[in-house]
Amino acid sequence: MQEIHLDTIQQFNDYNGMETLHPLVSVIHVESTEHIKECVMKYGIYALYLKENKGCKLSYGRTEYDFDEMTVTSFAPGQVVTVEPNPEVPFAKYTALAFHPDLLNRTSLGKQMSRYEFFDFTSNEALHLSAQEVETFKSVLTMIEQELHHAIDKHTRELVVSHVELLLNYCLRFYDRQFITREEINHSVVRKFLTLLDDYLAGKAESEGLPSVAYFADKCCLSTGYFGSLVKTETGRTAKDLINDRILAKAKELLTSSPFNGNQKELSVSQVSQRLGFEYPQHFVRFFKALTGKTPTQWRAVS
């Protein structure tokens, strides 16, 4: 399988058969007559693709949804992507923005890139755009493109970066809309998450350790970033907060219950800590006090 390295804008443009107008950023329009070839792409740059072929499919867990809208996929430096031909869509047609991390040096956007979690989403978590959203997306790309055709001057970088930031902010808005419009499947993901979490605390935590967001994202067949964004949109709270809530509730249950039939001896703080998956009892004590203002012993004394 062919391996393609996209570490520079020049490499990105060469691969797509486009002229390089700026060393750190590029906007391209591709409508290839060649069949899409299987390959592995290794990214050293940021890239957003607006896929303009129709009939895309999106899978949430084991459920598939058909879409007629155009889709946006996003990639970040360090990501490795396998491209596989789709027999139903043999020819490539897409618009793309690519920019090198160096473009963001000493800019406010460079310090805020962690906000744009969609760069960590997998391809089956692509952004599906409405016709109006496509128009907005393309209009911002047009502004970037106009700057690239303008002679480079002292304003070029600032204007290009501001337009890139605008596009990323629109993508955040569009993803929020997508989470809302996929409300039914979002409900089922959150329900599955909470059920798995309760089961984990009841039977797996003692042997496997504290539950993590990544564990439940994997069980729901979603990337950690997409899973976290979905849960936050659906519940208004982070997945980590919900995990901590359930751990605390389970801790209180264990602190006030008897461990054996006919034996009223209470579980020690150390035993409760172990059952919940904490590596050390002092970690459990700190966790409990941070959420309740009391140590487990103090809380049990007044409960």
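Taken over the range 14-34, the criterion of being in contact (Cβ under 8 Å) with a residue 60 or more places away in the chain and not in a strand (DSSP E or B) is satisfied by Asn16, Leu21, His22, Pro23, Leu24. For the range 213-223, indicate whether the set of residues that are over 30 Å from Leu129 (Cβ atoms) and either touching a Leu at 6+ places or on another chain (Cβ under 9 Å) or hydroxyl-bearing (Ser, Thr, Tyr) (or both) is non-empty. Scanning the range 213-223, I find at least one residue that is over 30 Å from Leu129 (Cβ atoms) and either touching a Leu at 6+ places or on another chain (Cβ under 9 Å) or hydroxyl-bearing (Ser, Thr, Tyr) (or both), so the answer is yes.
Of the residues making up the range 40-69, those that are at pLDDT below 85, surrounded by 12 or more Cβ atoms within 10 Å (Cβ to Cβ) and more than 18 Å from the chain's Cα centre (by Cα) number 9. The number of residues in the range 10-25 being within 14 Å of Phe75 (Cβ to Cβ) and crowded, with 18+ Cβ neighbours inside 10 Å comes to 1.
Within the range 147-166, the residues that satisfy the criterion of being at pLDDT 90 or above and under 13 Å from Leu103 (Cβ atoms) are Glu147, Leu148, Thr156, Arg157, Glu158, Leu159, Val160, Val161, Ser162, His163, Val164, Glu165. The range 195-303 holds helices (runs of 4 or more DSSP H) entirely within its bounds, and those carrying 2 or more residues that are within 30 Å of Phe118 (Cα to Cα), of a type in the set (D, E, K, R) and not assigned by TED's automatic domain parsing to the domain that holds Glu117 map to 213-219, 224-235, 239-255. Can we say Lys240 is within 25 Å of Arg191 (Cβ to Cβ) and in contact (Cβ under 8 Å) with a residue 24 or more places away in the chain? Answer is yes for this residue. Any chance the range 147-156 includes a residue that's more than 22 Å from Ser74 (Cα to Cα) and among the polar types (S, T, N, Q)? There is at least one residue in the range 147-156 that is more than 22 Å from Ser74 (Cα to Cα) and among the polar types (S, T, N, Q). Set side by side, the residues Glu147, Glu84, Glu88 differ, and just one is surrounded by 14 or more Cβ atoms within 10 Å (Cβ to Cβ) and out of contact with any Phe, Trp or Tyr (no Cβ under 9 Å at 6 or more places or on another chain), which is Glu147.
Residues checked against (1) of a type in the set (Gly, Ala, Ser); (2) buried (at least 19 other Cβ atoms within 10 Å of the Cβ); (3) at pLDDT below 95; (4) in contact with a strand residue (DSSP E or B) (Cβ under 7 Å, 6 or more places away or on another chain):
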| position | (1), (2), (3), (4) |
| --- | --- |
| Leu168 | no, yes, no, no |
| Gln178 | no, yes, yes, yes |
| His187 | no, no, yes, no |
| Pro211 | no, yes, no, no |
| Tyr215 | no, no, no, no |
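Of the strands (runs of 3 or more DSSP E) lying entirely inside the range 75-185, not one is found with 1 or more residues being assigned by TED's automatic domain parsing to the domain that holds Thr233 and of a type in the set (Ser, Thr, Tyr).
The values are calculated or read from the model by the stated rules, or taken from the named source; none is laboratory data. Just so we're clear, the structure is a prediction, and the values are computed from it rather than from any experiment. Neighbour counts are summed over all protein chains in view; Cβ atoms, including those assigned to glycine, are modelled from backbone coordinates with ideal geometry.
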